[in-house]
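Report on the structure given below.
The values are calculated or read from the model by the stated rules, or taken from the named source; none is laboratory data. Predicted model only: the values in this text are computed from it and were never measured. Every residue, glycine as well, gets a Cβ built from its backbone with ideal geometry; the counts of neighbours run over all protein chains shown.
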Amino acid sequence: MKTYDLIVVGSGGGTKISTPAAKLGKKVAIIEKEDFGGTCLNRGCIPSKMFIHPANQLLQAKNLGKYHIKHTGNFEVDFLNLARRITDEITHDSEGIEEMYETIESLDVYKGEARFVSEKVLEVRGEQITAPIIVLAVGSRPYVPPIPGLAGTPYMTSREALRPEKLPKKLLVIGGGYIATELGHVYATLGSEAVFFVRDGYLTQEDETVSDAFQKEFEKHHMTHYGSTALSVRYENDTFTIRATQPDGSVITETGDALFMATGVAPNTDNLGLENTPIATYERGYIEVNEYLETKSPGVYAIGDCIGTYLFRHSVNFEGEYLFGQLFGDDDKSTIDYPPMPHAVFSHPEIAGVGLTEQAARAAGIDYLAVTHTYKESAQGMARIPEVGLVKLLFDRSSKQLIGAHIIGEEAATMIHQLIFAITMKATSDDLLKMIYIHPALPEIVRNAARKAAAELS
C-alpha cells in the first residue's frame, strides 16, 4: 500500500490544494473518476457560459428593431457546430489539466472512483493508498426526483444539455432555479420552444424584488406552469409526455421532443464508503465539517459542493486556498472566515447579488432601509432601452452600513463587484458617495441608489 503526504479526491476545486502542495515537494495523490477539471469546467459554469454568450448575442441582434436598426431575413443557428466547438474546447482544457499533472514529479494521478475501506485508507480500482491528510472535493451531481415513468427515458440533465446532439423543437423543463433558467434561456433563444414546470416560482432564493421582476420578465417569453408537480412521464415515438397537477387540483398534459430535468443537485458522497469511517453526513448526504473544514475523522477535510455551504466554483476556490494555507502554508491556524459570498445567474435578464436579501434581513429582525434605482433612470441605462433593470441596496439604519446588494439587468454580474467590495469593507451609504462615478456609465445606478439611502439615513 502506497503512502502519501496528501490525497485529494476530485480535480475541480481540489486542484487548489493538490497542485501547490505537490510543487512544495509533498508526495500527493489526486483521484478523479470523471473528466479532469471537475463539474465547473466539464459540466457546469464554463460550458454553460459558452452557450449563453452566443445566445445573448442572437437575442440582442433580434432586438435591434428597438434602436431603429432593421435587418432582413432570418438568423440561422448552426446548433450542432456550436455544440461541437464548445465540447472540443472543454475537452482540450480538461486534457490539458491531466497533462499538467503528469509534469509534476511528486504528484500521482489515479483515474477511478475512490472508496474508503477504513478511516484513512482509500481504494481505487483495487489499489489501496493512504495519507495522514485527505481532502474530499468530490462535488455534486444533478438530482433527479423519482417521477413515475422517468427511469429509462432519454431525458437530459445539465450534463447532457451541455453536450447536446440536437436542438429540440419543443423542450419541456422541470425546475425554476438557476440551471433551469440559464439553460432554458439558451435553448429557447437558439430556436427551441421551451415550456417550464415550476413548483414555487423562478429563482425563489433571490431577493424578493429581484425574483418578482425576473419572473414577470421571464414569463413574457416562456410558457410557464406555476405550482405544478409532475405526476408521470411517458416516452413513446420520440416524444415525452408530462402529466402534472396544478394548484387548483387540475391535471395538465404537455408533450415535447426533449425533457430537461433541472431539479437541484445531490452531493457525490453516497459511494465514498463513508460508513467505514467516522465521517458524518447530514440528511441529504452533505459532509459535516467544523470551522476548519475538518470532518469527524481527524486529518480528513472536505470542501466544495459536497459540504453544501455554498455551491459555487468561486467558493470552493476560496475554501481550497484557505485549506492549503492552513495545512502547508504560513497562514496562522485559524477558522475559516467566509467573506460576503456573491453569486450571479446568467439567464435573461441577468441577476447578481451579495449579502442579505430583504426577506433575510426582515427575518433576522434588522432595522434596515431598502432603496432601489432603475436602469431607466440613468443615462447609460436609458440608452439601452431596458425592459427590466434595477439596483437594490439594503442598509442597516443604525450604522448606515451596506448589508445587501442585488441587481437585475444587463451586466449585473460585472456591476455587482463594486458592491462586493463595499460590503466586504463594511462601507456605508456615505462611503459609496465618496468616489467619482464615470458619466455616463451603468454604475451610476449604484450611486443614485446610494444617494437615496444617504438622504433618508441622514
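When you scan the stretch 255-265, do you find a residue that is assigned to a strand (DSSP E or B) and surrounded by fewer than 18 Cβ atoms within 10 Å (Cβ to Cβ), even just one? Yes: the stretch 255-265 contains one or more residues that are assigned to a strand (DSSP E or B) and surrounded by fewer than 18 Cβ atoms within 10 Å (Cβ to Cβ).
Residue by residue, here is whether (1) in a helix (DSSP H, G or I); (2) surrounded by fewer than 19 Cβ atoms within 10 Å (Cβ to Cβ); (3) out of contact with any Lys or Arg (no Cβ under 7 Å at 6 or more places or on another chain); (4) outside the structural domain of Gly38 (by TED's automatic domain parsing) holds:
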| residue | (1), (2), (3), (4) |
| --- | --- |
| Asn271 | no, yes, no, no |
| Glu283 | no, yes, yes, no |
| Tyr292 | no, yes, yes, no |
| Asp305 | yes, no, yes, no |
| Tyr310 | no, yes, yes, no |
| Val316 | yes, no, yes, no |
| Glu319 | yes, no, yes, no |
| Leu323 | yes, no, yes, no |
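One residue is enough: does the stretch 330-337 have a residue meeting the conditions at pLDDT 95 or above, charged (D, E, K, R), touching a Lys or Arg at 6+ places or on another chain (Cβ under 8 Å) and on the phi < 0 side of the Ramachandran plot? Checked against the condition, which is being at pLDDT 95 or above, charged (D, E, K, R), touching a Lys or Arg at 6+ places or on another chain (Cβ under 8 Å) and on the phi < 0 side of the Ramachandran plot, the stretch 330-337 yields no hits at all.
Residues of the stretch 416-436 that are surrounded by 18 or more Cβ atoms within 10 Å (Cβ to Cβ) and out of contact with any Leu (no Cβ under 6 Å at 6 or more places or on another chain): Ile416, Leu419, Ile420, Thr428, Leu432.
Filter the stretch 36-78 down to the residues that are in a helix (DSSP H, G or I) and among the polar types (S, T, N, Q), then identify the one that is farthest from Ala188 (Cα to Cα). So that I can check it myself, show each step before the final result.
Looking only at the stretch 36-78, we keep the residues that are in a helix (DSSP H, G or I), and these are 38-43, 45-62, 64-67.
From what's left, among the polar types (S, T, N, Q): 39, 42, 48, 56-57, 60.
Working: Thr39: 24, Asn42: 22, Ser48: 14, Asn56: 11, Gln57: 13, Gln60: 14 Å.
Checking each candidate, the answer is Thr39.
Output the number of the condition that His439 fails; it satisfies all remaining conditions of (1) touching a residue at least 40 places away in the same chain (Cβ under 8 Å); (2) surrounded by fewer than 20 Cβ atoms within 10 Å (Cβ to Cβ); (3) within 20 Å of Asp212 (Cβ to Cβ). For His439, the exception is condition (3).
Could you list, in sequence order, the residues of the stretch 14-32 that are in contact with a Phe, Trp or Tyr (Cβ under 9 Å, 6 or more places away or on another chain) and assigned to a loop (DSSP other than H, G, I, E, B)?
First pass over the stretch 14-32, keeping only residues in contact with a Phe, Trp or Tyr (Cβ under 9 Å, 6 or more places away or on another chain): 15-22, 24, 26-32.
Correct list: Leu24, Lys26, Lys27.
Would you say Ala360 is over 26 Å from the mean Cα position of the chain (by Cα) and surrounded by fewer than 19 Cβ atoms within 10 Å (Cβ to Cβ)? Lay out the reasoning, then the answer.
Values: over 26 Å from the mean Cα position of the chain (by Cα): no; surrounded by fewer than 19 Cβ atoms within 10 Å (Cβ to Cβ): yes.
Spelling it out, it is not the case that Ala360 is over 26 Å from the mean Cα position of the chain (by Cα) and surrounded by fewer than 19 Cβ atoms within 10 Å (Cβ to Cβ).
Out of curiosity, is Gly139 out of contact with any strand residue (DSSP E or B) (no Cβ under 9 Å at 6 or more places or on another chain), at pLDDT 95 or above and of a type in the set (Gly, Ala, Ser)? No; evaluated as a whole, the condition is false for this residue. From the list Val117, Val135, Val186, Val144, the lone residue that is among the β-branched types (Val, Ile, Thr) and within 21 Å of Lys49 (Cα to Cα) is Val186.
Going through Val391, Val371, Val354, Val345 one at a time, which residue ends up being in contact with a helix residue (DSSP H, G or I) (Cβ under 8 Å, 6 or more places away or on another chain), over 24 Å from His314 (Cβ atoms) and β-branched (Val, Ile, Thr)? It would help to see each step written out before you state the result.
Details: Val391 fails: over 24 Å from His314 (Cβ atoms); Val354 fails: over 24 Å from His314 (Cβ atoms); Val345 fails: over 24 Å from His314 (Cβ atoms).
Matching residue, one of Val391, Val371, Val354, Val345: Val371.
Among the residues of the stretch 400-415, at least one is more than 23 Å from Phe214 (Cβ to Cβ) and either of a type in the set (Lys, Arg) or in the same structural domain as Asp212 (by TED's automatic domain parsing) (or both).
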